[in-house]
Amino acid sequence: MATYKKRGYKPKTVKEKEEVFEEESTTAEVFNTLDEGASRTEEWAVKNQKYILGIVGAIALLVLCYLGYNKLVSEPKEKDAMNEMYTAKKYFDDAVSGVSSDSLYKMSLDGGEGKYGMLDIINEYGGSPAANLANYYAGMAYLNLRDYQNAVTYLSDFSSDDKMLNPIAKGGIGDAFVQLEQKSDALEYYEKAFKANVNTFTTPLYLMKAARVAIELGENDKALGYLKRIKSEFSTSTEAAAADILIGKVEASL
């Protein structure tokens, strides 16, 4: 077995000379192997440079196309969609204010004055943020028009991390399921609604709705938990006063 030798050490015995020779031979073989590998790599690169440049060029072209599409197509299209939504949203907002509500909700869906409605925006700008938002307005319009199946369909197609719209959309689906007599589904969506974001408006609202449906389904323990949470975490909410009455009724039935 070869032993460590200091720099400049000269072998003296035949055995040491043989060991030095073996080490030098091994080192030479390693460098020769590396040189051969590098040479083969260089040869392959030269031989396939057109292919390599083609791949690099294709990737660069894809990146440029993506950036160009966003700048020249996607962004202008989104701006057009939001401009088109302006009138439809105004109809919706006026309907919420209570002025000829049904007809205005319908106009927000179908359009008017030569402008797109929410359904047109969904169809024409599918996949865009504007179309996604139009799903929310369409679903809420259908909910107010008592077309509960369409309300569920469009609100289910809406996706958002917004702290208010997200829970309200899920709560709207719950409201629709209540009207469709699908109480278990309604409870599921009310639970999703109050879990979506914790705030003093939507959380106690949907906790109360979940509690009421849970009572109807005979899930009194769950209902009691929701009601007590309203009392402990949202004592100043409008739902807190009603929670006192319901807590008494639920506890009496346990």
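Remark: the range 104-254 carries a charge dipole of roughly 400 debye about the Cα centre, counting +1 on each Lys and Arg Cβ and -1 on each Asp and Glu Cβ. Extents of the range 144-212, largest first, come to 29, 26, 18 Å (Cα atoms, principal axes, whole angstrom). Say a paramagnetic label sat at a point 7 Å from the Cα of Arg146, along Cα to Cβ; which residues of the range 181-222 have their backbone N under 15 Å from it? Inside the label zone: 181. Label-to-label distance, Met82 versus Asn123, with points set 7 angstrom from Cα along the beta-carbon direction: 2.5 nm.
Available extension along the chain between Met164 and Ser97 is 22.2 nm, counting 0.36 nm per residue and deducting the alpha carbon span. The local environment of Thr153, defined by Cβ-Cβ distances under 15 Å, has a net charge of -2 under the rule Lys, Arg +1 and Asp, Glu -1.
Laboratory data are not the source of any read-out in this text; all were calculated from the coordinates shown. Just so it is clear, the structure is predicted and the values come from calculations on it, not from any experiment. Heads up, the Cβs are rebuilt from the backbone with ideal geometry, glycines too, and the neighbour counts pull from every protein chain shown.
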